[in-house]
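Colleague: Have a look at this one.
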Amino acid sequence: MVDPAEFIDEAVAEIEAAVGDASAVIALSGGVDSSVAAALAYEALGDRLTPVYVDTGLMRKGETEQVAETFSYMESLEIVHAQERFLDALAGVTDPEEKRHVVGERFIRELETEARETDADYLVQGTIYPDRIESEGNIKSHHNVGGLPDRVDFEGIVEPVRDLYKDEVREVARELGLDDLVAERMPFPGPGLAVRVLGEVTEEKLHVAREATHVVEEELEEYEPWQALAAVIGKATGVKGDNRVHGWVVSVRAVDSRDGMTARALEVDWDTLQRLQSRITGSLDNVSRVVYDVTHKPPATIEYE
């Protein structure tokens, strides 16, 4: 385990040395990894850093508003509304790895545009150690590692938390004084809800995954899961009112883990599961059934794609 205070001093010095007198942009998602990287880079560079939050249309419910509020103290914060561009790029894409690469490339292009407008030469990212292991081990491509395009128009990429595990990043977040809402927040995949809808990404499926995930995070909060989510995994018949429907199947997943490399499915009591399915099917007319995933990692991954 790293010493948080010592790590902060070393990371700030590393960023200062890497960027020098130049400027940088940072991809800020609102998760703990990018938030810690942003706080470190802001301390190192001040107004030479432009934090960029890209609203891909693949984010959690209320994410954009929360990021704008949490990081309002960074006067150079830029919020880019790119939902249409991401959905256009993902149209017709069904392969999980291809989705990750499409999101990764589109993400970089958005950041390059912001860098040109602010004369920034460097990109700061919140890549952590498990991201690198899983991308390099061909488990899955993270959008900020294996999902990066071959051509990246930056003089350099700086990754101050690249050697940390998730629990170590949280320790650094607490040392930095970041709000608990950020420091303790559940992980969220870089490609967002695109990997929580199996098959082609559509606005309808994204809406279901977003609303269902919001319900899951609320209902399972008392279990303190490392990660909890809802995924749209297909369609099945059901009955709503007096009508037969062919609606979406939502799979609920909740796991406990230390670093995300391995995970154990949480045992959730029957009453909670029934309340989950009732809220999800009751609030989403196009959902016909809810299932609970009991698979550990391995053999499964935490996310569905």
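Colleague: Hey, among the residues in the stretch 257-279 that are within 17 Å of Y165 (Cα to Cα) and part of a loop (DSSP other than H, G, I, E, B), which one's most open to solvent (accessible area, probe 1.4 Å)?
Modeller: Once the filter is applied, the top-ranked residue is R258.
Colleague: Restricting to the stretch 126-153, and then to whatever is modelled with pLDDT of 65 or more and not in a loop (DSSP other than H, G, I, E, B), can you tell me which residue is most open to solvent (accessible area, probe 1.4 Å)?
Modeller: Of all residues in the stretch 126-153, those modelled with pLDDT of 65 or more come to 126-134, 151-153.
Imposing the further condition that a residue be not in a loop (DSSP other than H, G, I, E, B) reduces the set to 129-134.
Values: Y129: 77, P130: 8, D131: 21, R132: 61, I133: 51, E134: 9 Å².
In this case the residue turns out to be Y129.
Colleague: Hey, D242 hits all of (1) at pLDDT 95 or above; (2) out of contact with any strand residue (DSSP E or B) (no Cβ under 9 Å at 6 or more places or on another chain) but one; which does it fall short on?
Modeller: With (1) at pLDDT 95 or above; (2) out of contact with any strand residue (DSSP E or B) (no Cβ under 9 Å at 6 or more places or on another chain) applied to D242, the lone miss is (1).
Colleague: What about M74, is it part of a loop (DSSP other than H, G, I, E, B) and in contact with a strand residue (DSSP E or B) (Cβ under 8 Å, 6 or more places away or on another chain)?
Modeller: Considered against the rule, which asks whether it is part of a loop (DSSP other than H, G, I, E, B) and in contact with a strand residue (DSSP E or B) (Cβ under 8 Å, 6 or more places away or on another chain), M74 comes out as yes.
Colleague: If we keep just the residues of the stretch 108-119 that are farther than 15 Å from G190 by Cα and in contact (Cβ under 8 Å) with a residue 60 or more places away in the chain, which is surrounded by the fewest Cβ atoms within 10 Å (Cβ to Cβ)?
Modeller: D119
Colleague: If you check E69, E105, which single one turns out to be assigned to a helix (DSSP H, G or I), of a type in the set (D, E, K, R), open to solvent by 70 Å² or more (accessible area, probe 1.4 Å) and closer than 21 Å to E303 by Cα?
Modeller: On inspection, the qualifying residue turns out to be E105.
Colleague: Same structure, new question: Which of the helices (runs of 4 or more DSSP H) contained wholly in the stretch 154-228 include at least 3 residues that are among the polar types (S, T, N, Q), open to solvent by less than 40 Å² (accessible area, probe 1.4 Å) and within 17 Å of I302 (Cβ to Cβ)?
Modeller: none
Colleague: I need a count of the residues in the stretch 229-256 that are small (G, A, S) and crowded, with 19+ Cβ neighbours inside 10 Å.
Modeller: Applying the first criterion (small (G, A, S)) to the stretch 229-256 yields 230-231, 234, 236, 238, 241, 247, 251, 254.
Checking which are crowded, with 19+ Cβ neighbours inside 10 Å leaves us with 230-231, 247, 251, 254.
Summing the residues that are small (G, A, S) and crowded, with 19+ Cβ neighbours inside 10 Å in the stretch 229-256 gives 5.
Colleague: Filter the stretch 47-61 down to the residues that are open to solvent by 40 Å² or more (accessible area, probe 1.4 Å) and assigned to a loop (DSSP other than H, G, I, E, B) and list them by number.
Modeller: Hit for the stretch 47-61 is K61, nothing else.
Colleague: Sticking with this structure for a sec: Can you tell me which residue in the stretch 72-102 is most open to solvent (accessible area, probe 1.4 Å), limited to those that are over 17 Å from G30 (Cα atoms) and of a type in the set (A, V, I, L, M)?
Modeller: Here the answer is A91.
The values are calculated or read from the model by the stated rules, or taken from the named source; none is laboratory data. In this text, all values refer to a predicted model and were calculated from it rather than measured experimentally. Here Cβ is always computed from backbone atoms with ideal geometry, including for glycine, and neighbour counts include all displayed protein chains. These area figures cover heavy atoms from the full protein model, side chains too; ligands, DNA and RNA do not enter into them. Shrake-Rupley method; radii C 1.70, N 1.55, O 1.52, S 1.80 Å.
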